[in-house]
Amino acid sequence: EAQREAFLNQFPHLRGKRVIIFLSRIHRKKGCDLLVRAFGAMSASDPRLHLVIGGPDEEGLRPEIDNLAATDGITEKITWTGTLDGDLKWGAFRIAEAFALPSHSENYGIAIVEALACGIPVLITNKVNIWREIAEDRAGLVANDDLDGVTELLESWASFNEEQRQVLGVNARTCFSKRFELGNFTKRFKAHL
């Protein structure tokens, strides 16, 4: 609760919003442009939907992404946080209904695992190397890394009722405990050897 409050005190306009969060480097390979375009296509379905984008903008892509948002009329539905650390980062995860990473290429995706640890379902593409585990454990949704795929991810998520979202949240935490928590991972690795 303290982490949630730390984040919401910094970004009070997010209280009462249904937040989808992206926390990663702002980079072309991460699919931020697809995420904003897909969010623009579906966000009218619920005025409480809000996209939070956090991370360093290493390539200077924000102006381009801001233009996409402005074209779709969703500038006010996106919050840019910059890089988040400590309680602010964990608070961002904890206020989110879902974590989105529509990457074109991702070896592992540490932020995905961090979201799972917080019981946050993940919306990812099949270009993230742990997508099979996410799909198998029903810890989120997986689609292609194109506009249709990312739009499908967000629209499917938005169509879920509260109970369905809660089930995915429980599945996310279970997926983390079973597959990525260090103690369990070490046991599986030793057994494999």
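The values are calculated or read from the model by the stated rules, or taken from the named source; none is laboratory data. Since the structure is predicted, the reported quantities are computational estimates derived from the model, not experimental observations. Don't worry about glycine lacking a Cβ; one is built from the backbone with ideal geometry, like all the others, and counts go over all protein chains shown. Ligands, DNA and RNA are stripped out before the accessible areas are found, and what is left, the full protein with its side chains, is counted by its heavy atoms. Shrake-Rupley method; radii C 1.70, N 1.55, O 1.52, S 1.80 Å.
If Rh is defined by the Kirkwood formula over all Cα pairs and Rg also comes from Cα, what ratio Rg/Rh do you get for the stretch 84-144?
Here Rg/Rh amounts to 0.96.
Past the 30 Å Cα-Cα mark, which pairs from Lys127/Lys178; Lys30/Lys178; Lys29/Lys190; Lys30/Lys89; Lys89/Lys178? Intermediate results must be reported in sequence, preceding the final value.
Details: Lys127/Lys178 22 Å; Lys30/Lys178 26 Å; Lys29/Lys190 34 Å; Lys30/Lys89 18 Å; Lys89/Lys178 23 Å.
Beyond 30 Å between Cα atoms: Lys29/Lys190.
Give me the extension gain from Lys29 to Asp85: residue separation times 0.36 nm, minus the current Cα-Cα distance, reported in nm with one decimal.
Working: separation 56, 0.36 × 56 = 20.16 nm, distance 2.24 nm.
My answer for the length gained is 17.9 nm.
Could you give the distance between the Cα centres of the stretch 25-47 and the stretch 72-115, to the whole Å?
What the calculation gives is 12 Å, centre to centre.
Tell me, what is the per residue accessible area of the stretch 52-193 in Å², probe radius 1.4 Å?
51 Å²
Take the chain, connect every pair of alpha-carbon atoms lying under 10 Å apart with a spring to form a Gaussian network, then pick out the residue of Ser43, Ser103, Ser159 with the largest mean-square fluctuation.
Ser159
How far apart, in nm, are two points set 7 Å out from the Cα along the Cα-to-Cβ line at Arg138 and at Asn107?
If labels sit at Arg138 and Asn107, their model points lie 3.3 nm apart.
Over the stretch 102-173, what is the relative contact order in whole percent, taking alpha-carbon pairs under 8 Å and six or more residues apart?
36 percent
Rounded to the nearest angstrom and ordered from largest down, what semi-axes does the equivalent ellipsoid of the stretch 9-73 get from its C-alpha gyration tensor (root of 5λ)?
20, 15, 10
Between Asp146 and Val167, what FRET efficiency follows from the Cβ-Cβ distance if R0 is 45 Å, with the result rounded to 0.05? Write out the running numbers ahead of the final one.
Details: r = 27 Å, r/R0 = 0.61.
It comes out at approximately 0.95.
Using only the Cα atoms of the stretch 1-152, each taken as one equal point scatterer with no solvent, compute I(q) by the Debye sum, divide by I(0), and report log10 of the ratio at q = 0.12 Å⁻¹.
-0.45
Separation between the Asn129 and Glu58 pseudo-spin-labels, each 7 Å from Cα along Cα→Cβ, expressed in nm?
1.6 nm
Calculated FRET efficiency, Asn9 and Lys190, Cβ-Cβ r, R0 30 Å, to nearest 0.05?
Rounded to the nearest 0.05, the efficiency is 0.10.
How large is the helix-only mean residue ellipticity at 222 nm for the chain, computed as the sum of -39500 (n - 2.57) over DSSP H runs with n ≥ 4, divided by its residue count, in deg cm²/dmol to the nearest 500?
Taken over the chain, the calculation gives -14500 deg cm²/dmol.
Which value, in debye to the nearest 20, gives the size of the charge dipole of the chain about its Cα centre, when Lys and Arg are +1 and Asp and Glu are -1 at the Cβ?
Roughly 660 debye for the chain.
Starting from the amide H of Ile26, placed 1.01 Å from N in the peptide plane, find each other amide H under 5 Å away whose residue is 5 or more places distant or on another chain.
Amide H to amide H, under 5 Å and 5 or more residues apart or across chains, Ile26 pairs with Asp57, Glu58.
For the chain, what relative contact order do you get, as a whole percent, if you take Cα pairs closer than 8 Å and at least 6 residues apart?
Result for the chain is 22 percent.
What number do you get for the stretch 109-193 when its Cα radius of gyration is normalised by 2.2 N^0.38 Å, N = residues? Mind dumping the intermediate values first?
Values: Rg = 13.5 Å, N = 85, 2.2 N^0.38 = 11.9 Å.
Here the answer is 1.13, to two decimals.
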